[in-house]
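Structure, as structure tokens:
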Amino acid sequence: MNRFAAAALCAALASPSLAAVSREELQKALDDNPDLVLSALKKSKKAEFFQLVIDSQREYQIQQAQQEQEREKRERDAAFKTPYKPAIDAKTRVRGSREAPITVVEYADFQCPPCGRSYPNVEQVRRKYGAKMRFVFKHMPLSELHPQARPAAQWMEAVTLQSPEKAWLFHDKMFSNQDKLGEDFYRKTVKDLGLDPAKAAQDAKSKAVQSKIDADIEEGRQFGFAGTPGFLVNGVPLRGAYPPAAFDEIIADPRLGVKL
């Protein structure tokens with residue numbers, strides 16, 4: 001038994017200030033002697049012990065958040081120098097002017113709650129920059145968590161085959177009605193858009209549509225997007241449901257080279 005570690009744990013649990021030892025010492029004591037927890041609880045005030053646990057967890061979360069922010073900053077700085085290059089060609093569905101100097105690419109999941117919360121933020125950014133921004137939506141359905149994410153993606157691609165312009169209206173409808181996702185809703189939406197629901201249902205199952213979604217997923221993974229939403233602003237990544245100000249910060253950065 002590590003006597004120093006055991007003593008550190010007991011001292012911390014018994015001490016009114018809970019500040020006699022470091023967090024590292026406590027962690028080592030727990031790792032080496034897990035049975036000490038019950039023993040120490042009998043000798044200490046339980047409320048103080050649980051407050052120690054809560055404070056330690058809060059400290060850990062703060063450290064993790066700081067580390068993630070630092071990692072994202074390093075990645076962003078590198079991307080300003082060498083931007084990520086998503087596949088965009090003449091066949092890519094684009095919202096806005098194809099000649100716009102700002103390109104925002106989103107990798108998202110129609111059933112993902114953070115994606116739903118991010119949707120109005122993206123719309124706000126689009127309205128702000130108008131003709132100076134083009135928006136590209138790519139699919140990254142997290143099917144293991146959201147069973148309707150991939151079917152909704154398939155239907156959007158099926159709608160695109162009939163009308164790329166109305167596909168954006170389908171996109172808006174999905175994010176505005178995440179609680180209604182399902183085949184009946186897809187069919188009704190397609191019909192309300194004045195398109196052919198039967199053709200869309202058939203096209204949604206086609207190999208071409210499946211391959212398009214798979215390509216989006218693979219591209220997102222290549223850029224390190226594991227969750228949704230994820231964005232590229234002229235190749236500079238934003239990972240998560242950021243507010244409009246985060247997009248503004250990247251766009252205004254002189255390293256991006258955008259003249260507004």
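Structural remarks
- Exceedance of the 22 Å cut-off in Cα-Cα distance is limited, within the set Lys73/Lys212; Lys91/Lys191; Lys81/Lys212; Lys128/Lys188; Lys166/Lys212, to Lys73/Lys212; Lys91/Lys191; Lys81/Lys212; Lys128/Lys188.
- Annotation: peptides 69-78, 179-188, 111-120, ranked by per-residue average of other Cβ atoms within 10 Å with the highest first, follow the order 111-120, 179-188, 69-78.
- Inter-label distance, Glu144 to Leu169: 3.8 nm, where each label sits 7 Å from its Cα along the C-beta direction.
- Filtered GluC sites (Glu not before Pro), the range 190-260: DSSP coil and at most 14 other beta carbons within 10 Å: none
- Rounded to two decimals, the Cα radius of gyration of the range 95-256 over 2.2 N^0.38 Å is 1.01.
- Going by neighbour counts of Cβ atoms within 10 Å, the residues Val53, Val122, Val159 line up, fewest first, as Val53, Val122, Val159.
- Set of aspartates and glutamates with alpha-carbon distance to Lys138 below 17 Å, sequence-local pairs under 8 removed: Asp89, Glu106, Asp109, Glu123, Glu157, Glu165, Asp172, Asp214, Asp216, Glu218, Glu219
- Other residues within the sphere of radius under 9 Å centred on the Cβ of Ile102, judged by their own Cβ, net out at +2 (K and R +1, D and E -1).
- Phi-derived couplings, Karplus 6.51 cos²θ - 1.76 cosθ + 1.60 at θ = phi - 60°, listed residue by residue for the range 149-164: 5, 6, x, 5, 5, 4, 5, 5, 5, 5, 5, 4, 5, 8, 7, x Hz, with x used for Gly and Pro.
- Extension reserve of the Ala78-Val53 stretch, reckoned as 0.36 nm per residue once the Cα distance is removed: 5.2 nm
- ³J(HN,Hα) computed for each position of the range 102-117 - Karplus, 6.51 cos²θ - 1.76 cosθ + 1.60, integer Hz, glycine/proline x: 10, 10, 10, 10, 10, 10, 8, 10, 4, 9, 6, x, x, 5, x, 5
- Convex hull volume per residue for the range 45-157, taking Cα atoms only, in Å³: 161
- Point-to-point label distance, Ala201-Ala131, nm (Cα→Cβ direction, 7 Å offset): 4.3
Read-outs: derived from the displayed coordinates by stated rules, not from any lab. Predicted model only: the values in this text are computed from it and were never measured. Heads up, the Cβs are rebuilt from the backbone with ideal geometry, glycines too, and the neighbour counts pull from every protein chain shown.
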